[in-house]
Amino acid sequence: MQNDFAHEVANQRQTDPDLAVSARELTKRFGRFTAVDGISFDVRRGEIFGFLGANGAGKTTAIRMFCGLLPPTAGEAQVAGYDVRTQPRMIKQTIGYMSQKFSLYEDLTVAQNIEFYGGIYGLTRPQIEHKTGLLLDELNLRDRRDTLTQSLPLGWKQRLALSVSLLHDPSIIFLDEPTGGVDPISRRNFWRIIYEIADSGKTVFVTTHYMDEAEYCGRLSIMYQGRIIEIGTPGGLKEKYGLDTMQDIFVHLVGGDTRKEAKQ
Amino acid sequence: MQRILYLVQKEFRQIFRDRSMIAALFFVPFIQLVILGNAITTDVTNLDLIVTDLDRTPMSRTFIERFTTTEYFNLVEVEEDYQALRGHLDNGRAKLAIVIPKHFQRDIVTGRHPDVQALVDGIDGNSAGVALGYMARIAEQHQAQIIRMDPMLGRPLREARIVHAEPRYWFNPELESEVYIIPGIVALILLIITVFLTSMGIVREKEIGTLEQLLVTPIRSMQLILGKVIPFSILGFVEIVVAMGFIYVIFGIGVEGSLWLLFGESAIFILTTLGVGIFISTISETQQQALFVGWFFMIFAILLSGFFIPIANMPDVIQYLTYFNPLRYFMVILREIYLKGTPLHYLLPETLAMAGFGVAVFSAAVMRYRRIIK
């Protein structure tokens, strides 16, 4: 991030430097359908903040607004101090993003994917080479450097995708259902990395519909039909409702109708 | 700028990863040239011919020989019975029948005009017309020769002159239709490569989700577009060169005019096709849809370009429609440069029309693309 753009980014921070994400009455409507309905919350730097909800609850729409992919219909939101409406490019340079869809090029090798995304984020050649080495060591992929990405197991692909989305050293990382389709063991390993990321001072914003993942979050909000119906720490919520698991709380709040969608 | 270079590098890596893609890049123009160049021909050769000679004299036989010694006709039968001729045409044994009347020789010698009858199977109107043309020419040559050769005959006709217009076709003296068709194939190859690669390349990234990943990077939409358009344009030009090489090797036809002019005009032309490719990508969610829409566009572009069917032969309304087809102008330009070596100033109207379309289509497509990916 030592290019001009990074300096530009650094010079234009305005609001509370402690806030990574803040939303005020943020709303997104598609025609007559309200996907996100006036949500408000703050996420502090270094937090692991979860968005829990069934499919179609509005999680992905919300996250797309924070990433500058979708302009809000009403309300306001700031990410790293930048307005999502007016400064989407600043946001994009500051955040990392990994979606439920596998986002690497399957027909490029591991090293070529790293090189490509590094280049897109404006890293210089020496920086890319340095990062590639670090990353391959970290992921234990040194001998798979020139392997096509498509031949990696899914769990590794996702870890690689996560690493690639961290190449430009973002201060906030958005993960949209990052562990979809992965077995519980790989999921736990993946979360180990998420903790490491948070320990290094980065903010992690993650959406999920897995209840075990909800337990891992530092703080989480439960979304239902576009609204945030509860927000708090997993421990605090359990205490408040006198229930033992996030699963129970979720079912209690949302009702039985979405039980089959919220997977264990 | 750096970002565009990374995008272009990535695109080429993906293209060349796929061995079948490289094969296709050389194989497609080769096949198209060989098949289209030879199959779409308006020349008529080996036309099956039946002759009924009611005269049976040396003169009638030399007349028939004139037909059998060219490659245009293929004598399948000599039918004695005039009434049976029609049956041969009906059942397809022959496309053309010639009837030499009784007293053919006598009439010639005495200075009368014998009428030779020709019956043509008119199902393929084009071939029928061409066949009749050949026939008339043979008959005319025959007359001229009789007059020259026979001093006895020549005497009374000494003062007479057979005036006949003999058109000289320049640039394609044999009137071979390959020569006319082939530069058009270069245009088709360029059209197909740029429209399909651009539209499907963008839609593929939509499908696999990498487009979304790119959109959360600080990359600008214009950089993203250039990152697609640059590599596919380069491929388009490689294809032109490959096709021109094949044309030279297979058909022995080289470019008469300026190569640089040809490349420049091609660059103007692909503005339109890249624009169409980008536009298709904005209305397609899957590669199948892109393929379908691409075909739909191309069929019309090709049919209304004058590639197979001369525009002058089309109904008026359709002729006006062709003015909205950039391929129409490019066809003319390519043929002119390729076969005649026409310089730019004679091609200005077509060039300007094509440039107008190119700029309009490309900017409209880019604007739509930028709005859609927001």
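Tabulated data
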| quantity | calculated |
| --- | --- |
| Count of residues meeting criterion [in contact (Cβ under 8 Å) with a residue 40 or more places away in the chain, assigned to a helix (DSSP H, G or I) and crowded, with 24+ Cβ neighbours inside 10 Å] in the stretch A:86-112 | 2 |
| Residue selected from the stretch A:91-121 under the condition at the interface with another protein chain (Cβ under 7 Å from one of its Cβ atoms) and of a type in the set (G, A, S), by the criterion farthest from A:F205 (Cα to Cα) | A:G119 |
| The stretch A:65-85 - residue that is out of contact with any strand residue (DSSP E or B) (no Cβ under 6 Å at 6 or more places or on another chain) and facing chain B (nearest Cβ under 9 Å) and, of those, surrounded by the fewest Cβ atoms within 10 Å (Cβ to Cβ) | A:P71 |
| Within the stretch B:279-295, considering residues that are of a type in the set (S, T, Y) and in a helix (DSSP H, G or I), the one surrounded by the fewest Cβ atoms within 10 Å (Cβ to Cβ) | B:T282 |
| Hits in the stretch A:122-133 - residues which are touching a helix residue (DSSP H, G or I) at 6+ places or on another chain (Cβ under 9 Å) and more than 8 Å from every other protein chain (Cβ to nearest Cβ) | A:L123, A:T124, A:R125, A:Q127, A:I128, A:E129, A:K131, A:T132, A:G133 |
| B:P231 vs. criteria closer than 28 Å to A:L108 by Cα, within 14 Å of chain A (Cβ to nearest Cβ) and free of Cβ contacts under 8 Å to residues at least 60 places away in the same chain | no |
| B:L25 outside the structural domain of B:F232 (by TED's automatic domain parsing), touching an Asp or Glu at 6+ places or on another chain (Cβ under 9 Å) and closer than 30 Å to B:F251 by Cβ | no |
| Members of the stretch B:235-268 that are in contact with a Gly (Cβ under 6 Å, 6 or more places away or on another chain) and aliphatic (A, V, I, L, M) | B:I268 |
| Hey, B:S305 modelled with pLDDT under 95, under 26 Å from the mean Cα position of the chain (by Cα) and among the polar types (S, T, N, Q) or not | yes |
| Condition met for B:I270 (closer than 24 Å to B:Y338 by Cβ and surrounded by 15 or more Cβ atoms within 10 Å (Cβ to Cβ)) | yes |
| Odd one out for B:R17, checked against (1) touching a residue at least 12 places away in the same chain (Cβ under 8 Å); (2) under 30 Å from B:L188 (Cα atoms); (3) not hydrophobic (A, V, I, L, M, F, W, C) | (1) |
| Some residue of the stretch A:100-112 being hydrophobic (A, V, I, L, M, F, W, C) and farther than 24 Å from A:T179 by Cα | no |
| Residue among A:S22, A:S40 that alone is modelled with pLDDT of 90 or more, among the hydroxyl-bearing types (S, T, Y) and touching a Leu at 6+ places or on another chain (Cβ under 9 Å) | A:S40 |
| Condition broken by A:K59, with the remaining ones in (1) of a type in the set (D, E, K, R); (2) more than 16 Å from B:P218 (Cα to Cα); (3) within 14 Å of another protein chain (Cβ to nearest Cβ); (4) surrounded by 19 or more Cβ atoms within 10 Å (Cβ to Cβ) satisfied | (3) |
| Residue in the stretch B:203-227 that is surrounded by the fewest Cβ atoms within 10 Å (Cβ to Cβ), counting only those that are within 14 Å of another protein chain (Cβ to nearest Cβ) and closer than 14 Å to B:A365 by Cβ | B:M222 |
| Number of the condition not met by B:G37 [criteria: (1) more than 17 Å from B:V238 (Cα to Cα); (2) out of contact with any helix residue (DSSP H, G or I) (no Cβ under 9 Å at 6 or more places or on another chain)] | (2) |
| Some residue of the stretch B:238-256 being within 14 Å of chain A (Cβ to nearest Cβ) and either among the aromatic types (F, W, Y) or part of a helix (DSSP H, G or I) (or both) | no |
| Residue in the stretch B:87-113 that is farthest from B:F63 (Cα to Cα), counting only those that are touching a residue at least 40 places away in the same chain (Cβ under 8 Å) and assigned to a loop (DSSP other than H, G, I, E, B) | B:R93 |
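Residues checked against (1) modelled with pLDDT of 80 or more; (2) out of contact with any His (no Cβ under 8 Å at 6 or more places or on another chain); (3) hydrophobic (A, V, I, L, M, F, W, C):
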| residue | (1), (2), (3) |
| --- | --- |
| B:V8 | yes, yes, yes |
| B:I15 | yes, yes, yes |
| B:M21 | no, yes, yes |
| B:I31 | yes, yes, yes |
| B:L49 | yes, yes, yes |
| B:R61 | yes, yes, no |
| B:I64 | yes, yes, yes |
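For every residue, the table says whether it meets (1) of a type in the set (F, W, Y); (2) within 14 Å of another protein chain (Cβ to nearest Cβ); (3) exposed (fewer than 15 other Cβ atoms within 10 Å of the Cβ).
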| position | (1), (2), (3) |
| --- | --- |
| B:Q2 | no, yes, yes |
| B:R13 | no, yes, no |
| B:T68 | no, no, yes |
| B:F73 | yes, no, no |
| B:E77 | no, no, no |
| B:N91 | no, no, yes |
| B:D107 | no, no, no |
| B:P114 | no, no, no |
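The values are calculated or read from the model by the stated rules, or taken from the named source; none is laboratory data. Everything quoted here is computed from the prediction, not taken from an experiment. Cβ sites come from the backbone with ideal geometry, for glycine too, and all protein chains shown count toward neighbours.
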